[in-house]
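Visitor: Handing you a structure now.
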Amino acid sequence: MKKSVILTGASDGIGRAMALELARRGYSLGLISRRLELLEQIRGECLKIGATVVEIESVDVTDETRFEAALDSLDRSLGGAEIFVANAGVTGRSCFDENAWPSAKQTLLVNVMAAIHGLEAMKIKMLARGRGTLVGVSSVAGSRGMPTGGAYSSSKAALTTHLETMRVDLKSMGISVVTIAPGFIDTPLTKKNKGKMPFLMQPETAARIFVTAIEKKKAWEIAPRPYLYLYPILQMLPRTLFDFILSRTYRTIRG
Ligand SMILES: NC(=O)c1ccc[n+]([C@@H]2O[C@H](COP(=O)([O-])OP(=O)(O)OC[C@H]3O[C@@H](n4cnc5c(N)ncnc54)[C@H](OP(=O)(O)O)[C@@H]3O)[C@@H](O)[C@H]2O)c1
């Protein structure tokens, strides 16, 4: 079967590592993000290690018209993408004494609005073909409202919830839905953190785990491994305990 994937946020971090891992496994790629020079560099690397087709689109995913046109164009070039990965994301920070709206707005636009826009646009194309895999890169931070990251946590909770609905709705229609929830991965996004991040994983290792999960059409994948157990524990923690533990640990990590 033809192996092809469209991936957003491909210029850096987890997206870049996933693009390289997919290339190694022989996928044709459609890569989206804003920084063209990085996309061109990654296209060159992907072609060297196994990809036969690598198309790139330098687009801001919050620009609805251009994003949809990029998805149309990449999908056509790949002859109908088998997989779509909504990976582009930003982490808004907030302090208790500042107006968090500007960064919250961007966080929600990229992590929720654009991610759902991409998933819905690709869903329609896949439904017409009667097959496909939709993937959303959410976060362990979506399990609860993490200190200093209200918009980020709520954006990932929203994405996880939307993916859950899609998974059930599309099950009988030939479309698989995969939710990926990373813990701490060593990328430019986490470089801003000041404290020691528990179980920090390299993006190349995470990409291998995530791409394997996508190929297996797993409903959920969480890495690093300890977060598989921490995620439900975080969700079940009583409010007073959550406030006590997280206000110390998470705030120290984020700085
Ligand atoms: N790293 C972690 O520990 C971690 C943990 C949990 C979840 N995640 C999630 O994993 C995903 C990838 O994160 P990362 O750590 O790899 O972050 P990253 O290294 O900062 O990379 C983010 C990617 O998203 C793209 N992007 C951001 N805003 C965009 C926009 N408006 N339009 C198009 N592309 C945009 C960036 O490309 P351009 O700047 O070139 O546009 C870049 O390729 C995100 O959804 C993040 O929330 C990461």
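Visitor: Out of region 95-127, which residues are away from the ligand (no atom under 15 Å from the Cβ) and touching a residue at least 60 places away in the same chain (Cβ under 8 Å)?
Guide: 122
Visitor: Quickly run through region 46-63 and pick out the residues that are more than 9 Å from the ligand (Cβ to nearest atom) and in contact with a strand residue (DSSP E or B) (Cβ under 9 Å, 6 or more places away or on another chain).
Guide: Within region 46-63, 46, 47, 51, 52, 53, 54, 55, 56, 57 qualify.
Visitor: Tell me which of these residue 125 doesn't satisfy, since it passes every other one: (1) surrounded by fewer than 20 Cβ atoms within 10 Å (Cβ to Cβ); (2) not in a helix (DSSP H, G or I).
Guide: In the conditions (1) surrounded by fewer than 20 Cβ atoms within 10 Å (Cβ to Cβ); (2) not in a helix (DSSP H, G or I), residue 125 misses (2) alone.
Visitor: Also, I was wondering about something else. Only one of these conditions is not met by residue 165: (1) hydroxyl-bearing (Ser, Thr, Tyr); (2) surrounded by fewer than 17 Cβ atoms within 10 Å (Cβ to Cβ); (3) farther than 18 Å from residue 118 by Cβ. Which number is it?
Guide: The failed condition is (3).
Visitor: Same structure again: Need a quick list: helices (runs of 4 or more DSSP H) entirely within region 1-94 having at least 2 residues that are surrounded by fewer than 17 Cβ atoms within 10 Å (Cβ to Cβ) and in contact (Cβ under 8 Å) with a residue 40 or more places away in the chain.
Guide: Counting at least 2 such residues, we get 64-77.
Visitor: What is the residue count in region 64-105 for residues that are in contact with a strand residue (DSSP E or B) (Cβ under 8 Å, 6 or more places away or on another chain) and of a type in the set (Gly, Ala, Ser)?
Guide: 9
Visitor: Please go through region 95-114 and pick out each residue that is more than 19 Å from the chain's Cα centre (by Cα) and either closer than 27 Å to residue 175 by Cα or not in a loop (DSSP other than H, G, I, E, B) (or both).
Guide: 101, 102, listed by residue number.
Visitor: State all residues of region 128-160 that are within 13 Å of the ligand (Cβ to nearest atom), assigned to a loop (DSSP other than H, G, I, E, B) and over 24 Å from residue 57 (Cα atoms); if no residue qualifies, say none.
Guide: Answer for region 128-160, where residues must be within 13 Å of the ligand (Cβ to nearest atom), assigned to a loop (DSSP other than H, G, I, E, B) and over 24 Å from residue 57 (Cα atoms): 139, 146, 149.
Visitor: I'd like to verify a number: residues in region 109-121 that are more than 12 Å from residue 177 (Cα to Cα), surrounded by 20 or more Cβ atoms within 10 Å (Cβ to Cβ) and not β-branched (Val, Ile, Thr), how many?
Guide: Going through region 109-121 one residue at a time, the tally reaches 4.
Visitor: Please verify whether residue 200 is farther than 21 Å from residue 6 by Cβ and touching a residue at least 60 places away in the same chain (Cβ under 8 Å), treating the condition exactly as stated.
Guide: Answer is no for this residue.
Visitor: How about region 169-253: which helices (runs of 4 or more DSSP H) wholly inside it have at least 3 residues that are within 12 Å of the ligand (Cβ to nearest atom)?
Guide: Where helices (runs of 4 or more DSSP H) fall fully within region 169-253 and carry at least 3 residues being within 12 Å of the ligand (Cβ to nearest atom), they are 188-191, 203-215.
Each value in this text was obtained by applying a stated rule to the coordinates, not by laboratory testing. Being a predicted model, the structure only gives us computed values, none of them experimental. Heads up, the Cβs are rebuilt from the backbone with ideal geometry, glycines too, and the neighbour counts pull from every protein chain shown.
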